[in-house]
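Contents: one structure, followed by commentary.
Please treat every number below as a calculation from the coordinates, not as lab data. Keep in mind the model is a prediction, meaning the values are calculated, not measured. Note that we place each Cβ from the backbone using ideal geometry, even for glycine, and neighbour counts take in every protein chain shown.
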Amino acid sequence: MRRTGFVALLLAAVAALVVPSAPVVDAAGTRSAAIPTLRVTRQITGLTIPWDVQVLPGGRLLVDERSGRLIVWRRGVKHVIAFPTSTVWAAVETGLMGLAVDPSFTSNRRIYTCQGAFTAGGGHDIRVIAWRMNASFTGVRRLRTLISGFPTTTGRHGGCRLLITRAGALIVGTGDAATGTNPQNLRSLGGKTLRLNRLTGAPWPSNRWIHAASKNRRYIHTYGHRNVQGLAQRADGSLWSIEQGTDRDDEVNLLSNGGNYGWNPVPGYDESTPMTDYSLPGPQIGARWSSGFPTLATSGGTFVRGKQWGALDGTLAVAALKASEVVFMKFGSHGRLLWTRAPAALQAFGRLRSITDAPNGDLLITTSNGSNDAVLRVHPQ
Ligand SMILES: [Ca+2]
Ligand SMILES: [Ca+2]
């Protein structure tokens, strides 16, 4: 993996020097379409650590701030909508995080949040809640908590990313709560991807441990993750996660039902352990892309769609916080990394957290600088 990571890093470094219109040459020497010029506009401004952005009907965008505000934007105007912000537990990296809009939103008006929450016993957890948006897009009403009890400590490594697959499953990417035993513990919801029914909250029927005695275990789709910050589904239906490494090895993983991705930082919380420890019992699945040293602090990502993207069509666009860029990663049909590019046009906006593809194929990206943050719109031309 180190060699792969180093090669990826080298490719990324070379990519920064490539002019935008240069044809892409992959590892096999095949030339493909050019990378288009990217026009980047600040579509929504004046935000403070927006975590996620999703698309609503009528040209509206749904944005949340980690501190607990939920915002609907339309035609240049942003409205902070009615939402119980005081019930969000926000600390360190945790707060109001991943969002999802139901594919049947126009009929059921449902949206989903993954967020820190206060528990009845005076503690806190991280949970996924289903809400109903009112007809005027000015507020939401809580429908139900779909799943709760994701572990927490200080708020470090709280995840939490949501993705609704084309089959209608809700995938949840969680963090390990900086607790070493969580990722390999199949009774803990931390350091996992979970798969469930988005309407009822029931575990997804084809989950590997659907009949387990442990209720938590029935939800597990994959395990052995550190802090899942991104989830994406490729056109072929495959599911991918993006997570942050220690001082090395951010990872992009191709998810396999029941797979172990090898994070086991014990005893205590030993961050000198490898991101994928093959010495653990049984098979571990290595990353499809790894940053090597240093990390980029990879976060959200999505697969790019549309011929207008030229050579970037079909790549996984990955936002990076620390590196303050977007890395477009081209994977082959079997998931092998072919090349990466980090266009200069996306290196001028500071830390980048989440990427969503709009219906027309544009990318929507949240910045995460702490003040005057924005939702960027990226349009290829
Ligand atoms: Ca791993
Ligand atoms: Ca092993």
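Mean-square fluctuations from a GNM of the chain, with a 10 angstrom spring cutoff on Cα atoms, peak among Gly282, Gly259, Gly301 at Gly282. Of the residues Lys330, Lys322, Lys192, the one with the fewest other Cβ atoms within 10 Å heads the list, and the complete ranking is Lys322, Lys330, Lys192.
Only the Cβ atoms of Lys and Arg (+1) and of Asp and Glu (-1) were treated as charged; on that basis the dipole of the chain about its Cα centre amounts to roughly 1100 debye. Here's how it looks for Gly314: its modeled amide H is under 5 Å from those of Val304, Arg305, Gly306, which are all 5 or more places away or on a different chain.
Taking every lysine pair in the chain that is 8 or more places apart or spans two chains, those with Cα atoms closer than 26 Å amount to 5. Once Rg and the Kirkwood radius are both taken over the C-alpha atoms of segment 2-380, their ratio Rg/Rh works out to 0.94.
Using the Karplus relation 6.51 cos²θ - 1.76 cosθ + 1.60 with θ = phi - 60°, the per-residue 3J(HN,Hα) values for segment 338-350 come to 9, 6, 9, 9, 10, x, 4, 4, 10, 10, 10, 10, x Hz, with x marking Gly and Pro.
In a DSSP loop and with at most 14 other Cβ atoms within 10 Å, the trypsin sites (Lys or Arg not before Pro) in segment 55-115 are Arg75. Converting phi to 3J(HN,Hα) with the Karplus coefficients 6.51, -1.76 and 1.60 and the offset θ = phi - 60°, segment 217-224 yields 4, 4, 7, 6, 9, 9, 9, x Hz in sequence order, with x at every glycine or proline. Note on segment 169-217: Rg/Rh from C-alpha atoms, Kirkwood Rh, equals 0.97.
Beta-bridge orientation, segment 2-380: approximately 95 percent antiparallel, per DSSP, counting only bridges with both partners inside.
Amide H contacts of Ser324 (H built 1.01 Å from N, in plane; Pro and chain starts excluded): Leu352 sit under 5 Å, all sequence-distant by 5 or more or on other chains. Mind grabbing the base-10 log of I(q)/I(0) for segment 210-362 at q = 0.09, 0.11, 0.20 Å⁻¹? Debye formula, identical points on the C-alpha positions, no solvent, two decimal places. Debye intensities relative to I(0), on a log10 scale: -0.30, -0.45, -1.29. 3J(HN,Hα) along segment 304-315: 7, 10, x, 4, 4, 8, x, 5, 7, 4, x, 7 Hz, from the Karplus curve 6.51 cos²θ - 1.76 cosθ + 1.60 with θ = phi - 60°, whole Hz, x for Gly and Pro. Normalising the average separation of contacting C-alpha pairs (under 8 angstrom, six or more residues apart) by the number of residues puts the relative contact order of the chain at 17 percent. Per the Cα gyration tensor, segment 63-188 maps to an equivalent ellipsoid with semi-axes of 26, 17, 13 Å, ordered largest to smallest.
Both radii come from the Cα set of segment 250-318: Rg as radius of gyration, Rh as Kirkwood radius; their ratio Rg/Rh reads 1.07.
Residues whose amide H comes within less than 5 Å of that of Val55, counting only those at least five positions distant or on another chain, are Leu62 (H built at 1.01 Å from N in the peptide plane).
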